[in-house]
Amino acid sequence: PIRMALHLAGIPFKDQVFPSAGGREEYLAWKQTQQLEFGQVPLLEIPAGHPQLNKEGTEPLRMAEARAIVNFISRKCGLDDWANADAVYRGEILLEFFEKDFFWKSVRVPLYYSDDDPKRPEMMKNIFEVAFPHFLNHF
């Protein structure tokens, strides 16, 4: 949802993703060098003076929690214009659908399988070839 909100707002961003194979070690090493809100990801770091998100700021902003980040982007960039109820609905349904339907039903279970479990490759393939395209068709 964060990437989609940034894309809809027309804001370029650097995306840092930790791969499943060896990702935990990479994340823990990265975590030691970062100033994370609540010590977790997702993290949105906005440089001081960013024209859309931190115009008046003299320090970078670091934000955690996906819903809070999406709401921040939406309000700062006018994506939550209540005069346009359809856009507000689409933003909220995006969050709900991603969180409750896509993630909890399609993604969470394969993530708990170890990389060497014989069931995991087929489950991951299902995420990218079936579940994610189905999710995107709603938008």
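Note on residue 58/residue 28: beta-carbon distance plugged into 1/(1 + (r/R0)^6) with R0 of 22 Å gives a FRET efficiency of 0.10.
Taking R0 as 22 Å, what FRET efficiency do you get between residue 134 and residue 99 from their Cβ-Cβ distance, rounded to the nearest 0.05?
Values: r = 16 Å, r/R0 = 0.70.
Calculated value: 0.90.
Each reported figure results from applying straightforward, stated rules to the coordinates on display, with no laboratory input. No experiment lies behind these values; they were computed from the predicted model shown. Counting neighbours? That spans all protein chains shown, and the Cβs are built from the backbone with ideal geometry, glycine included.
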